[in-house]
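What follows is one structure encoded as structure tokens, with my remarks underneath.
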Amino acid sequence: MKPYVKPLLLILGFLCHSLSIAQPFSFTSNSTGNDTLNIKLSYKTDRLIIGNVKQPVALIGVYKKLINNKDTIQDIYQSIAYLNFPQLDTLTFKTHSYRGFKILNLNNDVYKTDTQFWEQYNLPWLEYLTNNNTTIYVLSDGAIDQLKYQFYDPHPIGPFVFRYFNMTKQLMRTGFGKEIEFLDALIKKGIYTWNEQLGAYQANTINSQLISN
């Protein structure tokens, strides 16, 4: 073996080992300008979500929340960080997308109350998405009550107590809980469907064509 061959083999072996290390959460770009979201998060962790510059897909989920006093769910927080998704302007937040994705990422200063933020930003954003038949991927588990509903922190009685409206005794939903409620209502109306394999809400194309006509 020639003297320079062995060092080259060692270098190639090191590079191959480095590339084989699995990343828990990664974005890769392709020639179309789309990003690919390789999710290792709290819900349907084996999915591969591909952005679409021409028809952006939306991501919803929990921003950052501690449940069971030990587990931090932060699917949207991680998505924004790894995708380097820009902070949106309050004038264009409904229409803005980045490399094939849509996320409601606004400055914290615009938040005053739960009701104000929902009515002024979150709901109009969802309405714009669904009016344009956007596919909406759910990054957090919508079946977990601790993610859908608000609870006291710290808990005044026992390990876990939900918050509810005094007059109606209805549980108080989180922003994510309201998003799930809104989208599930569209399923009942036949406007959207739930794709279990993708973990996404998709527009009912037949119904959309009827509405457009």
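Read the figures in this text as sums done on the coordinates, not as results from a lab. Keep in mind it's a predicted model, so treat the numbers as computed, not measured. For neighbour counting, all protein chains shown are included, and Cβ atoms are generated from backbone atoms with ideal geometry for every residue, glycine included.
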Worksheet, complete the sentence: Length gained if ILE144 through ASP46 is fully extended, taking 0.36 nm per residue and subtracting the Cα-Cα distance, is 33.4 nm
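Could the peptides 49-60, 177-188, 106-117 be put in order, highest first, of the mean number of other beta-carbon atoms found within 10 Å of their residues?
Per-residue Cβ counts within 10 Å, averaged per peptide and sorted highest first, yield 49-60, 177-188, 106-117.
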Item to complete: Please report, in Å, the Rg and the Dmax of region 41-115, where both are computed over Cα atoms only.
Response: 13.6, 41
Response to the item:
In nm, the gap between the two label points placed 7 Å beyond Cα toward Cβ at GLN87 and LYS169 is 4.4 nm
